[in-house]
Structures are given as structure tokens and as C-alpha cells.
Amino acid sequence: MIDPYVLLGIERDADERAIRTAYRKAVKTAHPDRGGDAEQFGKLQAAYDLLKDPVRRKVYDDTGYDPQLADPKDLKGLMMLETLVNDFILDEREPGSFDPVAAMRRKLSDDIVKNRFHILELERHRSRVRKHLDRLGRRPETDVLGSMLRARSQSIAEAIKNAEAQIEAIEQAYQMLEGYSYELEAIEVKAAE
């Protein structure tokens, strides 16, 4: 995602007037009607739209993401991290006595394993349903049982797709934690006297 402040060449504490002035100056040369690049003009417009809306600007300032401009994959990862951040904020242990970043990574890794196991279980169920369908004799006028089994197979396929999407979101959240570390307080060990 582009940084709207950098794109418009303004400081993060710029007021409404400074944002508007910077935008107008930038679009003069970027407007397609004046020989500018349409893609660059679109980026400037998106940056201006984000910064002129106080709610979107606050969300962007707090998270580095804008729901309207961010990649949906990033937003899903961000939502997963939001839950994990809430968990470690509510943890009663003293800050510095445990590593919340490592705990977040462990939780995400555990969730990936759980989802992969769930997919394997679903695939086994779907395989059994298909085998039943293959062996089921059909009645000439209606196929109630066949319809029910096909619907069940489709439901299982959708559940597998949802679990795979969940894994992608978890992996994105995990990737967003790259580069973070957490400083633990040194634990003093008293030597036996």
C-alpha cells in the first residue's frame, strides 16, 4: 500500500488545508488531461480521499492500512493480529516477563496445524460420500438420496475452501509479524551461597 503522506509530500500532522493544497499542486501535473499519468493521478486521488476522511485517516494512522485501499489478504491478516493483540493486552502477566510476539507466532502456527488437520478430516468425509454415491442405485423418477449426498459433498467442498482461506489469512498474519522481536526483562538468578 502506498503511503498517502509520502505521495502528497506532507507531514503526518498536516491539517486539512495543507492536505488540500498538496493534493491540488500534485494533480496539476499528474492529471491525464494535462499529459499526466492516469495511474499516478488515481493514486493521488486515493491518497487525498483517504486523508480528507477523518475516520479513514485515523484507521490508517493507527494501523498503516486503509480498508478501502488495502489488499483484502492484508486486512484478513490484520484482523487476526487484532484478536491476538487483545489477548496479550489482557494477559495478567507483567510486561517483559513473557514474549507476546512469540506467543502470537505459536498461536498462529497452532491454528494452521488445526486447520490442516480439519481439511484432512473433511477430505476423508467427502471421499466416503463420493464412494456412497458411486455405489448408490438410482430410482428412475427421483434421486432424493443422490441429491442429498451431492449436496453434502458440495457443503464439504465449501468447508474445505473456507479452511484453506483461513490458512491463507493466518499465514498473512504470521508474515506481518516478521521483523518483530520483544525484549524480555533479564531474570536475576541468585547463586547458591
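The values are calculated or read from the model by the stated rules, or taken from the named source; none is laboratory data. These numbers come from a predicted model, not from an experiment. When we count neighbours, we look across all protein chains shown, and the Cβ atoms used for this are built from the backbone with ideal geometry, even at glycine.
Say whether the condition of being surrounded by 12 or more Cβ atoms within 10 Å (Cβ to Cβ), free of Cβ contacts under 8 Å to residues at least 12 places away in the same chain, of a type in the set (D, E, K, R) and not in a helix (DSSP H, G or I) is met by at least one residue in segment 54-63. The answer is no, given that none of the residues of segment 54-63 is surrounded by 12 or more Cβ atoms within 10 Å (Cβ to Cβ), free of Cβ contacts under 8 Å to residues at least 12 places away in the same chain, of a type in the set (D, E, K, R) and not in a helix (DSSP H, G or I).
The set of residues in segment 64-78 being more than 12 Å from A169 (Cα to Cα) and modelled with pLDDT of 80 or more consists of G64, D66. Among the residues making up segment 134-156, those that are surrounded by fewer than 13 Cβ atoms within 10 Å (Cβ to Cβ), assigned to a helix (DSSP H, G or I) and of a type outside the set (S, T, Y) are D134, R135, V144, M148, A151, Q154.
Residues that are more than 18 Å from Y65 (Cβ to Cβ) and among the basic types (K, R) were ranked within segment 1-53; the one that is surrounded by the most Cβ atoms within 10 Å (Cβ to Cβ) is R20.
Scanning segment 95-111 finds no residues that are loosely packed, with under 12 Cβ neighbours inside 10 Å, modelled with pLDDT under 95 and not assigned by TED's automatic domain parsing to the domain that holds Q175.
One residue stands out in segment 87-120 among those that are in contact (Cβ under 8 Å) with a residue 12 or more places away in the chain and aromatic (F, W, Y): the one that is farthest from A186 (Cα to Cα), namely F88.
The number of residues in segment 146-178 that are closer than 23 Å to L136 by Cα and either under 11 Å from the mean Cα position of the chain (by Cα) or aliphatic (A, V, I, L, M) (or both) comes to 5. Of the candidates L69, L81, the single residue that is more than 20 Å from G179 (Cβ to Cβ), touching a Leu at 6+ places or on another chain (Cβ under 9 Å) and surrounded by 12 or more Cβ atoms within 10 Å (Cβ to Cβ) is L69. Just one of (1) more than 30 Å from I19 (Cα to Cα); (2) assigned by TED's automatic domain parsing to the domain that holds E11 fails for D61. It is (1).
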